[in-house]
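The values are calculated or read from the model by the stated rules, or taken from the named source; none is laboratory data. These figures come from a predicted structure and were not determined experimentally. Cβ placement follows ideal geometry from the backbone for every residue including glycine, while neighbour counts extend to all protein chains displayed.
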Amino acid sequence: MRVSTLSTFGRVLLGLRANQLASLRAQEQLSSGRRILRPSDDPAGTARALVVRRELSRTERIQSAIATGGDQLQMATSTLENASELMTRARELVVQSMNGTLSDPDREAIAVELGEIREQLMEAANMQVDGNYLFGGTRSDVQPWEELQLGGLRRVVYRGNRDEQTIQVGLDTQIAISAAGDEVFGRAVPGPTRFDGLTGVRGGVTADEGSGYAYLIVRHDTTEAGTLSSVGVGLVDDGEDDTLLGANALSIDAAAGTIQLAGGPVVTIPPAGQRSDVVVENELGGELHLDLTGWNGADFDGTVTGHGSVSIDGDTFTSLAFTEGDLELSDGALGFVLHVDTTQIRRAGSELVTFGDTVNPFDLLQGVVEDLRNDGGLDSAELNDRLSVRLDDLERVHDDVLRGLGALGSRAASLVDAAARQEDVELELHSRLSKVEDADLAEAALDLARSDMVLQVAQAAGARVIQTTLLDFLG
């Protein structure tokens with residue numbers, strides 16, 4: 001078989017190109033530091049690298065979410081710490097206001113500061129980060145707490161939901177980065193309706209509907225004096241200033257010079273000339289104003305009855321027969337339905353009604369402000385009793401804030417751990433990618449030297465082969 005010159009040249013060129021390609025490949029690896037520069041370099045390695053890069057991309061997204069969630073958690077935690085400080089100050093003020101030596105101006109000053117604390121607490125509950133509300137659940141675009149005028153009273157209602165915003169911090173792991181406002185600021189715990197005991201009203205048989213607190217207005221309408229006129233005793237201004245309700249036993253002891261209404265304190269009958277307005281009270285403080293200027297000095301044992309009515313909305317009043325064990329009252333504006341036992345009512349007044357443990361801190365502080373301004377005319381002991389009820393509720397809602405603060409702190413710690421885990425995962429993925437894609441520089445340098453040497457030998461050999469032609473044999 002004859003080998004042609006053309007085939008010889010072709011084989012020489014093919015060898016030179018192969019050696020040049022090997023040299024170029026080694027140079028590319030050394031200059032880039034990578035073993036795979038194009039899919040054709042290693043199809044199987046390229047496929048493995050793509051899988052690792054997808055995992056790296058997911059890790060980077062998780063790390064970005066963790067960073068954003070960490071900022072939000074930090075802001076939420078800081079906000080709740082501030083809210084806790086505000087509630088601590090509010091508690092101090094409520095305790096201070098229960099001091100019996102305070103004057104009305106002193107209590108008004110405390111009421112003003114509590115009003116300011118309430119406003120600051122509202123700002124904390126409606127805190128935003130990058131346009132998103134922190135304490136509205138997943139309804140982050142809606143202001144969670146809104147103040148309204150309902151039933152003539154200032155009330156705050158929750159517009160968010162109880163869902164929590166979450167971020168993915170692992171393959172199948174999520175962490176909440178927010179808190180539902182109605183869980184943190186006054187977690188509603190349904191329970192029996194409570195009365196502060198001012199008027200003697202008690203809860204009825206049927207379950208009530210409502211949340212927060214309300215005022216049950218028990219009104220005195222008229223006083224029925226019975227047979228008092230038989231001993232020359234009358235009512236002052238026809239009982240206009242009386243507050244007693246229901247049937248009350250009245251006893252006048254001429255020998256002892258005393259007068260007593262039901263189970264109330266015994267009152268000494270004043271001397272003549274000071275008997276135009278003698279005030280006696282029953283066991284709950286219901287007042288009866290008597291005119292003793294015409295008293296004939298005789299004993300008296302009889303009954304005086306105060307007639308009245310009751311309302312939960314302050315507008316619609318229902319007459320009291322004092323025999324209703326389950327009287328239903330409603331407030332359409334607030335959605336309250338209240339059932340009361342009226343058989344033990346003995347006094348008119350504004351009764352504080354609390355629906356379980358459902359009052360939020362904003363309405364609670366507003367209630368304290370109203371108490372301190374004392375438009376209901378409570379005496380010092382009655383005011384302290386009501387403030388004591390408020391204080392218990394304030395401690396409860398403060399505990400809710402502290403509970404929320406602890407939950408956010410725990411989540412922040414979990415987020416830090418998740419970030420550390422993702423950093424470890426990222427390092428591992430980069431290591432795996434390096435093993436697949438990166439070049440062994442020492443091996444690449446040896447390959448370059450080897451390919452250069454082989455190329456030089458191939459060039460020399462090719463030159464000798466190409467110089468050998470038919471003309472070299474003709475001479």
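Looking only at residues of the range 297-317 that are in a loop (DSSP other than H, G, I, E, B) and under 53 Å from the mean Cα position of the chain (by Cα), we find that the one that is surrounded by the most Cβ atoms within 10 Å (Cβ to Cβ) is 312. Among the residues of this structure, residue 411 does not count as one that is under 19 Å from residue 194 (Cα atoms) and of a type in the set (Lys, Arg).
Mind checking whether some residue in the range 349-359 is aromatic (Phe, Trp, Tyr) and more than 37 Å from the chain's Cα centre (by Cα)?
No: the range 349-359 contains no residue that is aromatic (Phe, Trp, Tyr) and more than 37 Å from the chain's Cα centre (by Cα).
Residues in the range 209-231 that are over 20 Å from residue 347 (Cβ atoms) and surrounded by 19 or more Cβ atoms within 10 Å (Cβ to Cβ): 210, 211, 212. Report every pair of residues separated by at least 6 positions or lying on different chains whose Cβ atoms are under 7 Å apart, first residue within the range 118-132 and over 22 Å from residue 397 (Cα atoms), second at pLDDT below 95 and among the small types (Gly, Ala, Ser). What qualifies is 132/140.
Among the residues of this structure, residue 252 counts as one that is of a type in the set (A, V, I, L, M), over 19 Å from residue 340 (Cβ atoms) and in a strand (DSSP E or B).
Screening the candidates 216, 235, 228 for the property of being over 20 Å from residue 276 (Cβ atoms), in the same structural domain as residue 348 (by TED's automatic domain parsing), touching a residue at least 24 places away in the same chain (Cβ under 8 Å) and not small (Gly, Ala, Ser) yields one hit, 216.
Considered as a group, the residues in the range 165-203 that are assigned to a strand (DSSP E or B) and among the charged types (D, E, K, R) include one that is nearest to the chain's Cα centre (by Cα), and that residue is 194. Each residue in the range 318-333 was checked for being within 20 Å of residue 359 (Cβ to Cβ) and surrounded by 19 or more Cβ atoms within 10 Å (Cβ to Cβ), and 2 pass.
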